[in-house]
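K.L.:
Okay, here's the structure, questions in a sec.
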Amino acid sequence: MPVELRPSQALKLWHDVTLDLVRDGDTDLTARQMTILLTVYLEPPPHTVRGLAAKLNVTKPAITRALDEIQTHHLARSG
């Protein structure tokens, strides 16, 4: 079931997550990597490189590079 947030709550949550990522110093995701990660977690599967590339309007190699980096930080895994 989706969680309902007011816009200010959603913005605060986004702020807190990105702040934690920056403070951590180890995992500083790019906007593309963050968007892919959120897409995978928020939208129902299947998630394919081709589908993500089409959704984000970027190349498949760009998605692959971003996914490789996300996996390096153990934030997602391939299925």
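K.L.:
So what does V17 come to for accessible area, using a 1.4 Å probe and Å² rounded to 10?
P.N.:
60 Å²
K.L.:
Between E43 and D16, what is 0.36 nm times their sequence separation minus the Cα-Cα distance? Round to one decimal in nm.
P.N.:
Result: 7.6 nm gained on full extension.
K.L.:
Continuing with this model, one more query. Quick check: at a probe of 1.4 Å, how many percent of the accessible area of the chain sits on carbon and sulfur atoms?
P.N.:
Of the solvent-accessible surface of the chain, carbon and sulfur hold 59 percent.
K.L.:
Now a separate question. Could you give the size of the charge dipole of the chain about its Cα centre, using +1 on the Cβ of each K and R and -1 on the Cβ of each D and E, expressed in debye and rounded to the nearest 20?
P.N.:
360 debye
K.L.:
Short version: ³J(HN,Hα) in whole Hz for each residue of the range 50-61, in order, from phi by Karplus 6.51 cos²θ - 1.76 cosθ + 1.60 (θ = phi - 60°), x for Gly and Pro, what are they?
P.N.:
Per residue, the Karplus-derived 3J(HN,Hα) values read 4, x, 5, 4, 5, 4, 8, 6, 10, 6, 4, x Hz.
K.L.:
In terms of the ratio Rg/(2.2 N^0.38 Å) built on C-alpha atoms, what value belongs to the chain?
P.N.:
1.16
K.L.:
Just to confirm, what accessible area per residue do you get for the chain at 1.4 Å probe, in whole Å²?
P.N.:
79 Å²
K.L.:
Quote to one decimal, in nm, the extra length available between R77 and A31 on full extension: 0.36 nm per residue of separation minus the C-alpha distance between them.
P.N.:
My answer for the length gained is 14.7 nm.
The values are calculated or read from the model by the stated rules, or taken from the named source; none is laboratory data. From a predicted model like this one, the values you see are computed outputs, not experimental measurements. Note: ideal-geometry Cβ built from the backbone for every residue, glycine included; neighbour counts use all protein chains shown. To get the accessible areas, we keep the full protein, side chains included, count just its heavy atoms, and leave off ligands, DNA and RNA. Shrake-Rupley method; radii C 1.70, N 1.55, O 1.52, S 1.80 Å.
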